[in-house]
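The values are calculated or read from the model by the stated rules, or taken from the named source; none is laboratory data. As the structure is a prediction and not an experimental result, all values here were calculated from the model. All Cβ positions, even for glycine, are placed from backbone atoms using ideal geometry, and neighbour counts span all protein chains on display. All accessible areas refer to the heavy atoms of the entire protein, side chains included, with ligands and DNA or RNA removed. Shrake-Rupley method; radii C 1.70, N 1.55, O 1.52, S 1.80 Å.
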Amino acid sequence: MQSNMTARDAETLIQAVRERILTLFPDGAGTYELIYAARFRRLISEYAQDRPRGVVIAFPQGRI
């Protein structure tokens with residue numbers, strides 16, 4: 001929530017987290033889907049950007 005992570009980067013991170021959880025808890029796929037999957041989807045939709053946040057300031061033309 002505090003970064004400029006894109007939705008694609010967030011989905012990649014979530015996939016890695018899911019794989020790690022299933023490595024630690026092989027029978028935990030159902031629990032993951034029940035508890036975490038919906039929360040992660042909500043966080044992506046609320047906070048991840050399609051492009052990194054930032055401000056572009058244009059320099060006035062004709063001045064050096």
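If I go through the range 12-50 residue by residue, how many of them are over 12 Å from the mean Cα position of the chain (by Cα), aromatic (Phe, Trp, Tyr) and assigned to a helix (DSSP H, G or I)?
2
Filter the range 22-62 for residues that are at pLDDT 90 or above and acidic (Asp, Glu); which is nearest to Glu11 (Cα to Cα)?
If we take residues in the range 22-62 being at pLDDT 90 or above and acidic (Asp, Glu), then Glu33 is nearest to Glu11 (Cα to Cα).
Read through the list (1) touching a strand residue (DSSP E or B) at 6+ places or on another chain (Cβ under 8 Å); (2) at pLDDT 85 or above, then give the number of the only condition that Asn4 fails.
(2)
For the range 32-46, give me each residue that is open to solvent by 80 Å² or more (accessible area, probe 1.4 Å) and either touching a strand residue (DSSP E or B) at 6+ places or on another chain (Cβ under 7 Å) or not small (Gly, Ala, Ser) (or both).
Glu33, Leu34, Tyr36, Arg39, Arg41, Arg42, Glu46
With respect to Arg18, determine if the residue is modelled with pLDDT under 80 and either of a type outside the set (Val, Ile, Thr) or surrounded by 10 or more Cβ atoms within 10 Å (Cβ to Cβ) (or both).
For Arg18, the condition - modelled with pLDDT under 80 and either of a type outside the set (Val, Ile, Thr) or surrounded by 10 or more Cβ atoms within 10 Å (Cβ to Cβ) (or both) - is not met.
Within the range 1-15, which residues are surrounded by 13 or more Cβ atoms within 10 Å (Cβ to Cβ), in contact (Cβ under 8 Å) with a residue 40 or more places away in the chain and aliphatic (A, V, I, L, M)?
Scanning the range 1-15 gives Met5, Ala7.
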